[in-house]
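Here the structure comes first, spelled out in structure tokens, and everything after it is commentary.
Please treat every number below as a calculation from the coordinates, not as lab data. Note that this is a predicted model, so its numbers are computed, not measured. Please note: Cβ atoms are built from the backbone with ideal geometry, for glycine as well, and neighbour counts cover all protein chains shown.
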Amino acid sequence: MRPTLKRFTGVFVVLVLMCTAGKAWAWFGMGKFTEVKPENGVLALPLKDISDGKAHYYTATSDKGISVKFFVVKSHDGVIRAAVDACDVCYRSGKGYVQEDGVMVCTNCGMRFATDRINEVKGGCNPAPLEREIAGDKLLISMAQINANAWLCEFKK
């Protein structure tokens, strides 16, 4: 092979590996969670940080020391929704969800869930909903919700 072709092939392979590694990194949820700490039993997320239509991933520690992973997303209908990064069916896999346009995709079974159905449909193979409320410029999630749903993340201690 000529030196320029070798160099091009080498650069191409490196670029493909970087792209694949980046997608795998996001697909398996490594490094995408921001830790949040409660104040007075409540997690407060600034609305300006979560109103872009993209899924934002967080983790909070339950009273039993379990790292509860969850996501918040503003759906196409303008509602900010929150759910544990697990469902009643696939939680043991620990793989959670990734966003593809207006749907959240389970990285274990491949099921697709429209973001505007999160918090509406509960149980089974749906992202486990977290009750939330908006107060001023914050989205509030109580630690009672985190503690009640910690069992979905217990295997990840």
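Is the shape of segment 113-157 rounded, prolate or oblate, going by the alpha carbon gyration tensor and its root eigenvalues a ≥ b ≥ c, with a/c under 1.5 for rounded and a/b larger than b/c for prolate?
Here segment 113-157 falls in the oblate category.
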Testing the spin-label approximation: label points 7 Å from Cα along Cα→Cβ at A148 and K122. State their distance in nm. 0.7 nm
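Taking the Cβ of M143 as the centre, find all other residues whose Cβ is under 13 Å away and add up their charges (Lys, Arg: +1; Asp, Glu: -1). All intermediate terms of the calculation are to be shown ahead of the outcome.
Values: positive: K37, K64, R132; negative: E39, D63, E131.
With Lys, Arg at +1 and Asp, Glu at -1, the neighbours total 0.
Please work out the FRET efficiency for the pair R92 and D52, using the Cβ-Cβ distance as r and a Förster radius of 30 Å; give the result to the nearest 0.05. All intermediate terms of the calculation are to be shown ahead of the outcome.
Working: r = 31 Å, r/R0 = 1.04.
Efficiency at R0 = 30 Å is approximately 0.45.
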7 Å from Cα along Cα→Cβ at both S67 and C109: what's the point-to-point distance in nm? 2.5 nm
Please work out the Cα center distance from segment 112-130 to segment 72-110, rounded to the nearest Å. 7 Å
Mind listing the long-range amide H neighbours of V42? Cut-off is under 5 Å, sequence gap 5 or more, other chains count too, H placed in the peptide plane at 1.01 Å from N. M143
To the nearest whole percent, what portion of all C-alpha pairs in segment 33-156 is separated by more than 18 angstrom? 46 percent
